[in-house]
Amino acid sequence: MIQSLADLGMFMRKTLLYHQTPDTCLTVAQSALKFLQDSAFVHRVEGKIQPTPFGRAVYKSSLDPIISHKVMHGIREANRHLVLLGDLHLVYLCVPPILEGIYVDWMMYFDAYSQFDETTRLTFTAAGLQESYLARRAFSSNSSDVEKEVPYKRFYVAGAVHKLISGVPSWRVSALFKIPRGTLQSALSAAISHASKLSHFTKELPDYWALSSVFDALVQKLFFAGSPELAQILEIPGIKHARAKQLYKAGYKSLQKLAAAEPRLLASDIEHLTQTQAQKIISSAKIMLQEQADALTDAALQLLEEVQ
């Protein structure tokens, strides 16, 4: 564990890099340490170099250090003004600040603003966005400030991803937002990855731990949006996305199919699945079906009581 400049020098002298470039290696390492200190990733406590809570959160979440301060600013603002009337604000936070290959029809964007419902307008404002900027971009061919476009593009992509998790088919979302389906799928995958990172990031920060469970739930919703046909299978405890895809491709497309399966056959149909694991999946599917049946029975009995 490096806790001082002396520790850093001792460590670097044992690396291959030092033996290849002895004249510059230590200078580069010291510059990197200065960057970590200036960026508030590490600090000195009683003369020892230690990670800050922010630095630990960035490390454990695998966030890109370059965008971590922007992410922190967004989380801090959301903690004060989070719109929970729907999922849109959370989806906006889960769209990474760095976007590639996204073309925005600014005139269409500006026209769509007039049709925003109350929740969308509240979210737009809470994200620090302004109608006046949309108007300027709609009626000017070029922007001199590309950086300022980023939050507006994020909101645009968030709108498309939000449509997907609301059950709108991808081809329709693609046509509505003029985003190619491949680019749309990439944006959804990026949102899933970023949402997972945000969950780990906020879990490490005492003031924002409550947001981590919200991001956890959103990750599942985003997964379902990418593969709505897997939604039932993913509800089984312990089933991850990759396993759900295996089961679906093998013909086990519903809880009913899994509940009726034989452990030996299921294990032989799915690669790297043991009979013990297969039995657990089948048992879980049966329990879930029984719970659903019980809920329907209770609802039917209540309905009959009301009728009588």
Carbon + sulfur, % of accessible area of segment 257-308 - ligands and nucleic acids excluded, 1.4 Å: 54
Trypsin sites (Lys or Arg not before Pro) restricted to DSSP loop in segment 147-203 with at most 14 other C-beta within 10 Å: 178
Run the helix sum for the chain: -39,500 (n - 2.57) per DSSP H stretch of 4+ residues, divided by residue count, reported at 222 nm to the nearest 500 deg cm²/dmol. -21500 deg cm²/dmol
For residue 135 and residue 178 in one chain, what is 0.36 nm times their gap in residues minus the Cα-Cα distance, to one decimal in nm? 13.6 nm
Most mobile listed residue (31, 174, 212) in the chain, GNM with C-alpha springs under 10 Å: 31
Angle between the Cα long axis of helix 275-307 and the longest principal axis of the chain, 0 to 90 degrees, nearest 10? 60
Per residue, how many Å² of accessible area does the chain show with a 1.4 Å probe? 59
Within the chain, what is the longest stretch that has no GluC sites (Glu not before Pro) placed in a DSSP loop and near at most 11 other beta-carbon atoms within 10 Å? 101-270
Please work out the Cα center distance from segment 227-249 to segment 14-32, rounded to the nearest Å. 48
Does segment 38-170 come out rounded, prolate or oblate, given a ≥ b ≥ c as the square roots of the eigenvalues of its C-alpha gyration tensor, rounded meaning a/c under 1.5 and, failing that, prolate meaning a/b above b/c? prolate
Among [x] 22.4; [y] 19.0; [z] 24.8, the entry derived from the coordinates for mean projected area of the Cα convex hull in nm²: [z]
What net charge is computed for the residues neighbouring residue 282, neighbours being all others with C-beta under 14 Å from the C-beta of residue 282, Lys and Arg scored +1, Asp and Glu -1? +3
How would 69, 19 rank on accessible area, largest to smallest, probe 1.4 Å? 19, 69
Using alpha-carbon positions, the gyration tensor of segment 202-308 gives root eigenvalues a ≥ b ≥ c; with a/c under 1.5 called rounded, otherwise prolate if a/b exceeds b/c, else oblate, the class is oblate
Can you bin segment 100-182 into rounded, prolate or oblate? Criterion: square roots of the alpha carbon gyration tensor eigenvalues sorted a ≥ b ≥ c, rounded for a/c under 1.5, prolate for a/b above b/c, oblate for the rest. oblate
If R0 = 45 Å, then residue 210 and residue 287, at their Cβ-Cβ distance, give a FRET efficiency to the nearest 0.05 of 0.90
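The values are calculated or read from the model by the stated rules, or taken from the named source; none is laboratory data. Everything numeric in this text was worked out from a predicted model, so none of it was measured. Ideal geometry is used to build each Cβ from the backbone, glycine not excepted, and the neighbour counts take in all protein chains shown. The accessibility values were calculated without ligands, DNA or RNA, using every heavy atom of the protein model including side chains. Shrake-Rupley method; radii C 1.70, N 1.55, O 1.52, S 1.80 Å.
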